[in-house]
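Peer 1: Okay, here's the structure, questions in a sec.
The values are calculated or read from the model by the stated rules, or taken from the named source; none is laboratory data. None of the values given here were measured: they were computed from a predicted structure. Cβ sites come from the backbone with ideal geometry, for glycine too, and all protein chains shown count toward neighbours. The accessibility values were calculated without ligands, DNA or RNA, using every heavy atom of the protein model including side chains. Shrake-Rupley method; radii C 1.70, N 1.55, O 1.52, S 1.80 Å.
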Amino acid sequence: MGVKIFDLLPSKEIEIKDLNGKIILLDASLVLYQFLSTIRQRDGTPLKDSKGNITSHLVGLFSRTTNLMQQGIKVAFVFDGKSPELKKKEQERRWNLKQEAIKKYEEALAAKDVEGMAKYSSRTSKLTPEMISEAKELISALGLPIIQAPSEAEAQASYMVSKGHAFAIGTQDADSFMFGASRLIKNLTISGKRKVPGKLSYVSIKPELIELPSALNVLGIDKEQLISLCMLIGTDFNPGGIKGIGPKNALKYVKQYEKDFDQMFKDLNWDEFCEFSWNEVYYTIKKIPVSDDYNLEWQEIDLDKLKSILLSHDFSEERINVTAEKLQKNNKDKQQKSLNKWF
């Protein structure tokens, strides 16, 4: 879902070149769902190989990741672990929405409504264990780090950024700030455009940098108050939040009550809108499990492995070779520049 607080946060546009040499962490599930939802044929059908296997996730992962790598960005992927118990309600909500979308898609299909098919099909995307396994193999073949989170990938990535082990998280969700990430990059793409959800059109975008310390300073709140603000609006652990409270009103209440969260949630009738106590939600977010067991090391591309994976799904061998050559040339150029510094 993603907590809706971006409108409150100051950001600045940057260029992709500004991220050269920087470590950027990506939430693998979010990225793969994005590819499954957007990389489709005109009628909304996902891309498939000659054997009928869906390949939208692999097409997006290979294309987007190698483009970022060619810009000198050190990409790493973080995978979800076990979801907190409180997230089950949000998962049920998403499942129900998906079932409704399937119904609408079938109606559009029967009516030969291409635009309707495209609109609803993107909402039926399902990320399977097989797709996750394929994605990990591809990421590994590209020589990129894979980090396994004990719980939420965004929380793990946020922890790593806050420790200074990565520059930022690349994401369209603000949840990372709720988990304490110090820096986030929106619109991390070199195409300069993003598909409008549910439509066939695109909008022009530029990467945006948002830094938590300066954002909190502008808002006049601290990290704990930010969590409570997010809870008022609604998070994956209390979907919908408190009815009628948007980002601006949430900020007003948080500043008004300062650190008296118990009184604030009591006065705003928390129990009418959430089956869990505010304490339970708050500490699920604040104390979500993270791990120090990760390794941020980049390897050379394993071209044989890359071909083995992609050719089995009907990718063009020429395209694979051209992309690999560009990446290998980039690595050689970097090594030469590094060597030249000593002369």
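Peer 1: Any chance you could count how many residues in segment 68-86 are assigned to a helix (DSSP H, G or I) and over 17 Å from the mean Cα position of the chain (by Cα)?
Peer 2: 4
Peer 1: What helices (runs of 4 or more DSSP H) completely inside segment 90-203 contain at least 1 residues that are farther than 27 Å from Phe237 by Cα and modelled with pLDDT under 90?
Peer 2: 114-121
Matching residues to (1) in contact with a strand residue (DSSP E or B) (Cβ under 9 Å, 6 or more places away or on another chain); (2) β-branched (Val, Ile, Thr); (3) open to solvent by less than 40 Å² (accessible area, probe 1.4 Å):
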{"position": "Glu85", "(1), (2), (3)": "no, no, no"}
{"position": "Gln99", "(1), (2), (3)": "no, no, no"}
{"position": "Val114", "(1), (2), (3)": "no, yes, no"}
{"position": "Leu127", "(1), (2), (3)": "no, no, yes"}
{"position": "Ser140", "(1), (2), (3)": "yes, no, no"}
{"position": "Ile147", "(1), (2), (3)": "yes, yes, yes"}
{"position": "Gly164", "(1), (2), (3)": "no, no, no"}
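Peer 1: Any residue in segment 58-69 that's open to solvent by less than 10 Å² (accessible area, probe 1.4 Å): show its pairings with residues that are hydroxyl-bearing (Ser, Thr, Tyr) at Cβ separation under 8 Å, as long as the two are six or more apart or on different chains.
Peer 2: Gly60/Thr38; Phe62/Thr323; Thr66/Thr323
Peer 1: Quick one: would you say Val281 is among the β-branched types (Val, Ile, Thr), in contact with a Leu (Cβ under 7 Å, 6 or more places away or on another chain) and within 30 Å of Lys4 (Cβ to Cβ)?
Peer 2: So Val281 passes the test.
Peer 1: Also, quick follow-up: Would it be correct to say that Ser121 is polar (S, T, N, Q) and under 19 Å from the mean Cα position of the chain (by Cα)?
Peer 2: no
Peer 1: Let me ask something else about it. Looking for something outside any loop (DSSP other than H, G, I, E, B), out of contact with any Leu (no Cβ under 7 Å at 6 or more places or on another chain) and surrounded by fewer than 17 Cβ atoms within 10 Å (Cβ to Cβ) - is there at least one such residue anywhere in segment 18-34?
Peer 2: Yes, the conditions are met somewhere in segment 18-34.
Peer 1: Identify, from the list Leu306, Leu311, Leu268, the residue that is without any contact (Cβ under 8 Å) to a residue 12 or more places away in the chain and among the aliphatic types (A, V, I, L, M).
Peer 2: Going through Leu306, Leu311, Leu268 in turn, just one is without any contact (Cβ under 8 Å) to a residue 12 or more places away in the chain and among the aliphatic types (A, V, I, L, M): Leu311.
Peer 1: Kindly provide the set of residues from segment 28-52 that are touching a strand residue (DSSP E or B) at 6+ places or on another chain (Cβ under 6 Å) and of a type outside the set (Val, Ile, Thr), ordered by number.
Peer 2: Ala28, Arg40, Pro46, Lys48
Peer 1: Kindly provide the set of residues from segment 40-57 that are in a loop (DSSP other than H, G, I, E, B) and open to solvent by 10 Å² or more (accessible area, probe 1.4 Å), ordered by number.
Peer 2: Gln41, Arg42, Asp43, Thr45, Leu47, Asp49, Ser50, Lys51, Gly52, Asn53
Peer 1: Based on what the data block shows, is Glu297 of a type in the set (Asp, Glu), at pLDDT 95 or above and within 28 Å of His165 (Cα to Cα)?
Peer 2: Judged against the criteria, Glu297 is a match.
Peer 1: Cβ-Cβ below 9 Å, separation at least six or inter-chain, first residue in segment 213-226 and surrounded by fewer than 13 Cβ atoms within 10 Å (Cβ to Cβ), second among the aliphatic types (A, V, I, L, M) and part of a loop (DSSP other than H, G, I, E, B): which pairs?
Peer 2: Val218/Leu9
Peer 1: For the condition in contact (Cβ under 8 Å) with a residue 40 or more places away in the chain, surrounded by 19 or more Cβ atoms within 10 Å (Cβ to Cβ) and of a type in the set (S, T, N, Q), what is the one hit in Ser11, Ser37?
Peer 2: Ser37
Peer 1: Residues of segment 271-296 being assigned to a loop (DSSP other than H, G, I, E, B), in contact with a Phe, Trp or Tyr (Cβ under 9 Å, 6 or more places away or on another chain) and aliphatic (A, V, I, L, M), which ones?
Peer 2: Within segment 271-296, Ile288, Val290 meet the criteria.
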